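Asks: Below you'll find the structure I mean.
The values are calculated or read from the model by the stated rules, or taken from the named source; none is laboratory data. Since this is a predicted model, take the numbers as computed values, not measurements. With ideal geometry, Cβ positions are generated from the backbone for all residues, glycine too; neighbour counts draw on all protein chains shown. Remember, those area values only see protein heavy atoms, side chains included, never the ligands or the DNA or RNA. Shrake-Rupley method; radii C 1.70, N 1.55, O 1.52, S 1.80 Å.
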Amino acid sequence: GSVTGGTGTGGNAQLIASGSGTVNAASAISIFAIGTGGEAQSLDIPGGNGGAGLGGTARLYSNGGAINSSFGANVIASGFGGAGDVFNGLGVGGNGTGGSATLSVGTPNELGNNGLITIGAATVVTAQGIGGDAQQGGDGTGGFAAVSARHGTVNLADTTVSTAGFGGFGSNGGAGGN
């Protein structure tokens, strides 16, 4: 029989300043909610399928408080599908699905209460989905990524906000993922 890698699901990772609270980061701020599917590659058992990777929720958030870093910020909620069988022509790569990555003062439904986020170096907010490689590559679906300010202030240097889906590679004449 074939084997299948397990599903990897990113959780909920947050840095929040509220009320009169202040966070002064002495280095870059990194918030990750990454899901990575398990691999299923074996020369002995043909047809292994990679597990799904599901990004979680990564959030850098102010509701009245202040968050300051001169060293940059990474807010990442990506999903990486596991690799499947590439040797025997039967495996399927796991699907990768991005989660939700946000940097915000307030939300669309909630005022930011004059909160402040200041990042003085490169900021990356991303929710990518990357399919696993196999005979038939897994699908990749981007998630949700946003920077917003509602009744507050966000000051950023170089900033990248992205979602993307990348299908896994197909091997030995197999199809790549979508």
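Asks: It is to be established whether one or more residues within the stretch 130-152 are out of contact with any strand residue (DSSP E or B) (no Cβ under 6 Å at 6 or more places or on another chain), acidic (Asp, Glu) and over 25 Å from Leu15 (Cβ atoms).
Replies: The answer is yes, given that some residue of the stretch 130-152 is out of contact with any strand residue (DSSP E or B) (no Cβ under 6 Å at 6 or more places or on another chain), acidic (Asp, Glu) and over 25 Å from Leu15 (Cβ atoms).
Asks: Output yes when any residue across the stretch 77-100 is part of a strand (DSSP E or B), within 16 Å of Thr159 (Cα to Cα) and within 21 Å of the chain's Cα centre (by Cα), and no when none is.
Replies: no
Asks: Looking at the stretch 65-103 only, could you name the residues that are small (Gly, Ala, Ser), at pLDDT below 95 and open to solvent by 20 Å² or more (accessible area, probe 1.4 Å)?
Replies: Gly89
Asks: Quick check on Pro108: is it over 22 Å from Thr159 (Cβ atoms), touching a residue at least 12 places away in the same chain (Cβ under 8 Å) and open to solvent by 10 Å² or more (accessible area, probe 1.4 Å)?
Replies: no
Asks: Let me ask another. Restricting attention to the stretch 30-64, and to residues there that are more than 30 Å from Ser171 (Cα to Cα) and not small (Gly, Ala, Ser), which single residue is most open to solvent (accessible area, probe 1.4 Å)?
Replies: Phe32
Asks: I would also like to ask the following. Looking only at residues in the stretch 154-177 that are in contact with a Ser or Thr (Cβ under 8 Å, 6 or more places away or on another chain) and open to solvent by 50 Å² or more (accessible area, probe 1.4 Å), which one is farthest from Val124 (Cα to Cα)?
Replies: Filtering the stretch 154-177 for residues that are in contact with a Ser or Thr (Cβ under 8 Å, 6 or more places away or on another chain) and open to solvent by 50 Å² or more (accessible area, probe 1.4 Å), the one farthest from Val124 (Cα to Cα) comes out as Asn155.
Asks: Tell me yes or no: at least one residue of the stretch 32-54 is modelled with pLDDT of 95 or more, under 20 Å from Val154 (Cβ atoms) and assigned to a strand (DSSP E or B).
Replies: No, the conditions are met nowhere in the stretch 32-54.
Asks: Also, I was wondering about something else. Give Thr22, Thr4 a once-over and let me know the one that is in contact (Cβ under 8 Å) with a residue 12 or more places away in the chain, open to solvent by 30 Å² or more (accessible area, probe 1.4 Å), polar (S, T, N, Q) and closer than 30 Å to Ala121 by Cα.
Replies: Thr22
Asks: Quick one: would you say Ala13 is farther than 15 Å from Val124 by Cα, assigned to a strand (DSSP E or B), of a type outside the set (D, E, K, R) and within 18 Å of the chain's Cα centre (by Cα)?
Replies: Against the criterion (farther than 15 Å from Val124 by Cα, assigned to a strand (DSSP E or B), of a type outside the set (D, E, K, R) and within 18 Å of the chain's Cα centre (by Cα)), Ala13 qualifies.
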